[in-house]
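Undergrad: Please see the structure below; I have some questions.
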Amino acid sequence: MAENGEDKLLAVVRHITKTLGKSGTMTDDILQIFSSFDDRLSRDKLSERIGRAAAAAEEDGPPGSSDIKRVLRSLDRQISRFVASERPIWSNSDESMAFLDAVDSLLSLIRDMDSVTSEDKMMIQHAEDLIHQAMIRLKDEFRALLDSQTGGRPSDPISSSFDSDGEDSEGDDQIPVAQPVTDYDVVIDALPSGTVADLHDIAKRMVAAGFEKECAQAYSICRRDFLEESISRLGLRLRTTEEVYGMPWPDIEEEIGRWVKVINVAVRILFPSERRLCDRVFAGLAAVADLSLAEVCRGPAMQLLGFADAVAVGGKAPERLFRTLDLYEALRDLIPEIDLVFPDQYCSFIRFESGTTCSRLGGAIRGIFTELENRIRRDPVKSAVQGGGGHHPITRYVLNYLRAACESRQALEVIMYEDEGGPVPGDQEILSSSLSVRIAWTMDLLQENLDAKSRVYEAPGQNFVFLLNNGWYIIQKVKDSEVRLLLGEDWIRRQIVRVRQWRNSYQKATWGKVIEVLQIAGLSGLSSSLVVRSLRDKLHMFNVYFEEIYRTQKGWVVVDEHLRADLRKSVMQAVLPAYQRFLERLMSLEAAKDLEKYVNYSVDGVEACIGELFQGNLRS
Amino acid sequence: MPATDYQGSSVPFASLGRSILSIRREQAHSMDTHHDDAGGGAAAAAAHELELESFQRHVAELFQDLASAGGSSAGSSAGGGEELLSLSWIRRLLEAFLVCQEEFKAILMNHRGVLSRSPLDRLVAEFFERSVKALDVCNAIRDGLEQIRQWHKHLEIVQVALDPHHRAFGEGQLRRAKKALTDLTIAMLDEKEAGSVVAHRNRSFGRINTSTKDHHRLAVGHSRSLSWSVSRSWSAARQLQGIGNNLAAPRSHEIVATNGLILPVYTMNSVLLFVMSALVAAIPCQDRGLQTHFSVPRNFSWAASMTSLHERILEESKKRDRRNSSGLLKEIQGIERCSRHLAELADPSQFPLGEEREMELRQRLQELSQVCDSLKNGLDPLERHVRDVFHRIVRSRTDGLDWLGHSGT
């Protein structure tokens, strides 16, 4: 009501002013009188109306030169007052509205002057000077708004939105440390929507007046500060490539853990929040928005990627694989998000660099694999060959390593495939072929190394027990893991055949001569006393061989219970029937009491002894 | 290391190399077969020799070409076309580096079988350590280019403000230009401070002064942002020192012991050091220092041009108007010169401009547009080149370390 009344009053006064004021100076004088008469009739309120009236009048028809001159002079007075103001204009919404109105009027006036064949050079210059002054002030106001409130202090919005309990932990003045984030579906509104609207109002005018460069510059400098500060509050320390390179691996591992969190917060929360803010401030001004956002995010994004680059450059020790894979997978998963937040040409740099860093990490991972292969190949033959011929540490290491690595099978498939160049194929079989080949190759190297190690064993047959143990272990470890899918069923079948061969070879190497000694086929033509003597000799040799085998192989190890039983069983199957036949033949020729002197082992006794083989030192 | 290390020999490298290699051949029977391409005997040795020589020759050619670049003044008529320390010259420098790096890598690959032998293993490993240091220089240079890009933005505003198509320059336009120039001056001044004293970030008490007229606050925020890639204590000068440390010219017994392979390693070390110090000299970065100790024995065919380039860059840095510059890049000089002149001319308090002044202003604006064109066309490609150098260093290091490892058995 009151406002309405005031409006009416103002309208009346404006009318009077307009009718009376035939010239600029007259209007001016009348305004002076009114404004001293009543507060409500202040100069700017009146002239604001006049400015609008001028704008409205323009629609009716091209204004005359003198009209323009008059309006311009009045706008000059208003704008000069704002420009000279000591207080921030946007601290008062009426003031800021009035300022924007004046700027709008001035802008449309300038447009008209361009279209109208205005010959008055001085007038054009006057208008342009004025708009420049207004713009410089607008830029300052723009920056002040950006800096004001929470805009300049990132701690508040971030820490409060990271606080998973949603509790307000105000009160103690501690340095805010971000809480761990689990939900990335958060957008931070760094600035209240009123401020955003104000910023948009200003941005629109600055772009309209051709000041988009200044506007974008002011915007991006301020927001970049905010963004950098936000990221630095997440606790990631800035490091050079060389520094990372020189860090002990466990420290880097810790840092990688932090980095993965930070890059997720940056890409899923901070960058999209900046995108949102930018798009709102520069709504309808897409090019300026994209350019500004690129400027805001470029530095922080490069900095974050720099750490991953530095890790990729570092050493290639096999233990680096797992954390480096974490790094790779984190970045890989974020690439679609990065493409989403930075789809435009101005940000192509960020997209490109993220992709490059990701493939560089892939290269580093391939390098680590190569190093693993080198280490397998170089593992000293004599190292840690155990007396028993059981599992070698390298077998355990490689298999457990590959099992763990293959938990990231998908990533590794892509990484290995990328080595061949070209795009990643859709066909799973083609995709996984590179990794399959690589793993099979690693297994071959391991086998070569084990073969070389096996030759160190001097006792006949023990090399095969060693191979048997390790080969069996490999099958078990491959079978119940992702490695199986990569090596394939054929590989496993081949490995089983090999294990069988080693078992046969073992049997031949140790039990061959025992079984040979028990052969009785060639004795048919001889006299019975010769046969008896021959059988006695054979029995003696059997006793010696068997005792020897029992004594040594009791200390050998077959680690796997199943394999051990299997091996004993197959030895028994080969030895016991032959021994049984041998004893029967002997018994048919000699009296039982004579026999006792020569026969050290009964069939059951032999069986029992074989049943004690391969226990290693497990048994006391 | 002075040239006397060659026992006073001042023969050109080619013959020096040959004599050294023939010493090696004479001793060859007493040493086990050295390299992969053994077997061919004399033919293989000749091929080896040829390979090493052609590397030296290529490096020499590349640097001769770079040294033919024109001098500082406008009348650069020398063969190369580019002006020394201009954006395009630096681009060419980096291209040369990449060529050297690739050829060097090929040599290492061809001899991967012997890389793990002492003292070659140590020498190659040292080279890779140095190249890691170069990576941080690349990062710092990228930041420096970003800095120049920001300066360019100020200049673009000046260009928009003082559009030469205007019939006349108004007071407002002059004011706008002047403001952009002032911002530019502050930004550049700030960088100079950062270049000598290490820039400081005062996050905790930086925002007390919210006066919108405080331009300096803006500028400080500015440089702080851009010095982000390397930590505050990082120093380009120290980094160069690290690259140059213990970089001694090969002695003849080392040449023999390494079958001549120490020569390309030393050459590549020198190329790396030179290229990195030229980058640091030209582009703004934290704690530049141009007193890199740089001396190579004259026997190397590339030594003369590299040394002369080094001296010319040093001379440039001693020039009166360059001494306090944030970078010797020609375009930075252009920015400084243009902005100084324009700031004098585009003084709103002198409004309206006299005819003479306006003429001069238009002339300066033309210079400005040249500088801006050069920046517009040169910065992005150079940045890509710097990234390329970074990646190639990483890659050849990865491969090289592989070869060092492979040859272990």
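The values are calculated or read from the model by the stated rules, or taken from the named source; none is laboratory data. It should be emphasised that the depicted structure is a prediction, and the values quoted were computed from it without experimental measurement. Here the Cβ positions follow ideal geometry from the backbone for every residue, glycine too, while neighbour counts run over all protein chains shown. With ligands, DNA and RNA removed, areas are computed over all heavy atoms of the protein, side chains included. Shrake-Rupley method; radii C 1.70, N 1.55, O 1.52, S 1.80 Å.
Undergrad: ³J(HN,Hα) across region A:308-324 via Karplus (A = 6.51, B = -1.76, C = 1.60, θ = phi - 60°), whole Hz, x for Gly/Pro?
TA: 4, 4, 5, 5, 4, 6, x, x, 10, 4, x, 5, 6, 4, 5, 5, 5
Undergrad: Here's a follow-up. Largest first, what is the accessible-area ranking of A:Tyr346, A:Tyr473, A:Tyr219, A:Tyr245 with a 1.4 Å probe? Before the final figure, lay out each step's value.
TA: Working: A:Tyr346 85, A:Tyr473 25, A:Tyr219 0, A:Tyr245 55 Å².
Ranking A:Tyr346, A:Tyr473, A:Tyr219, A:Tyr245 by accessible area, largest first, yields A:Tyr346, A:Tyr245, A:Tyr473, A:Tyr219.
Undergrad: Still on this structure, please answer the following. In straight Cα distance, which lysines are under 30 Å from B:Lys105, not counting same-chain residues fewer than 8 positions off?
TA: List returned: A:Lys316, B:Lys133.
Undergrad: With +1 on the Cβ of every Lys and Arg and -1 on the Cβ of every Asp and Glu, and nothing else charged, how large is the dipole of region A:385-509 about its Cα centre, in debye rounded to the nearest 20? All intermediate terms of the calculation are to be shown ahead of the outcome.
TA: Working: 15 positive and 15 negative charges, 179 e Å.
Around 860 debye, computed over region A:385-509.
Undergrad: To the nearest whole number, what is the average tally of beta carbon atoms from other chains within 10 Å of the beta carbons of peptide B:164-177? Please report the intermediate quantities before stating the final value.
TA: On the way: counts 0, 0, 3, 3, 4, 2, 11, 7, 12, 5, 2, 5, 11, 1.
Counting Cβ atoms of other protein chains within 10 Å of each residue's Cβ and averaging gives 5.
Undergrad: Just to check I understand the Karplus step: with θ = phi - 60° and J = 6.51 cos²θ - 1.76 cosθ + 1.60, what whole-Hz values come out for region A:516-521, glycine and proline as x?
TA: 4, 5, 8, 5, 10, 5
Undergrad: A follow-up question, please. From Cα pairs below 8 angstrom and at least 6 apart in sequence, can you work out the relative contact order of region A:63-150, rounded to a whole percent?
TA: Working: 39 pairs, mean separation 32.9, N = 88.
Relative contact order for region A:63-150 comes out at 37 percent.
Undergrad: Right, something else. Using alpha carbons only, how many angstrom separate the centre of region A:465-487 from the centre of region B:230-250?
TA: Taking the Cα centre of each part, region A:465-487 and region B:230-250 sit 50 Å apart.
Undergrad: When the distances between all Cα atoms of region A:348-466 are binned every 5 Å from zero, what whole-number percent does each bin get?
TA: 2, 10, 18, 18, 14, 11, 9, 7, 5, 3, 2, 1, 0, 0
Undergrad: If I take R0 = 35 Å and measure r between the Cβ atoms of B:Arg167 and A:Arg87 in this structure, what FRET efficiency does the formula 1/(1 + (r/R0)^6) give, to the nearest 0.05?
TA: Values: r = 38 Å, r/R0 = 1.07.
Efficiency at R0 = 35 Å is approximately 0.40.
Undergrad: Further, regarding this structure: Is the shape of region A:357-412 best called rounded, prolate or oblate, per the rule: a/c under 1.5 gives rounded, else a/b larger than b/c gives prolate, else oblate, with a ≥ b ≥ c the square roots of the Cα gyration tensor eigenvalues? Could you put the intermediate results ahead of the total?
TA: Working: a/c = 6.05, a/b = 2.06, b/c = 2.94.
Oblate is the answer for region A:357-412, as a/c is 1.5 or above yet b/c matches or exceeds a/b.
Undergrad: Between region B:255-334 and region A:186-251, what's the alpha-carbon centroid distance in Å?
TA: Comparing the Cα centres of region B:255-334 and region A:186-251, I get a distance of 37 Å.
Undergrad: Continuing with this model, one more query. Could you pull the accessible area for B:Arg340 with a 1.4 Å probe, rounded to 10 Å²?
TA: 130
Undergrad: Separate question: What are the residues of region A:223-251 that lose 20 Å² or more of accessible area, with a 1.4 Å probe, going from their chain alone to all protein chains?
TA: For region A:223-251, once contacts with the other chains are taken into account, A:Arg224, A:Asp225, A:Glu228, A:Glu229, A:Ser232, A:Leu238, A:Thr240, A:Thr241, A:Glu242, A:Tyr245 lose 20 Å² or more.
Undergrad: Let me cross-check A:Lys261: its accessible surface, 1.4 Å probe, with only protein heavy atoms counted, in Å² to the nearest 10?
TA: 130
Undergrad: Ranked by accessible surface with a 1.4 Å probe, highest first, in what order do A:Arg494, A:Arg280, A:Arg500, B:Arg167 come?
TA: Working: A:Arg494 145, A:Arg280 70, A:Arg500 120, B:Arg167 180 Å².
The ranking, largest first, comes out as B:Arg167, A:Arg494, A:Arg500, A:Arg280.
Undergrad: Using the Cα centre of region A:510-610 as origin and beta-carbon charges of +1 (Lys, Arg) and -1 (Asp, Glu), tell me which of A:Val544, A:Val558, A:Ser570 is placed farthest towards the positive end of the dipole.
TA: A:Val544
Undergrad: In the structure displayed, which of A:Lys213/B:Lys179; B:Lys178/B:Lys318; B:Lys319/B:Lys376 lie more than 25 Å apart, Cα to Cα? Walk me through the numbers before you get to the answer.
TA: On the way: A:Lys213/B:Lys179 13 Å; B:Lys178/B:Lys318 30 Å; B:Lys319/B:Lys376 27 Å.
Violating the 25 Å limit, Cα to Cα: B:Lys178/B:Lys318; B:Lys319/B:Lys376.
Undergrad: Give the distance, in whole Å, between the Cα centre of region B:125-164 and the Cα centre of region A:401-456.
TA: Rounded to whole Å, the Cα centres lie 41 Å apart.
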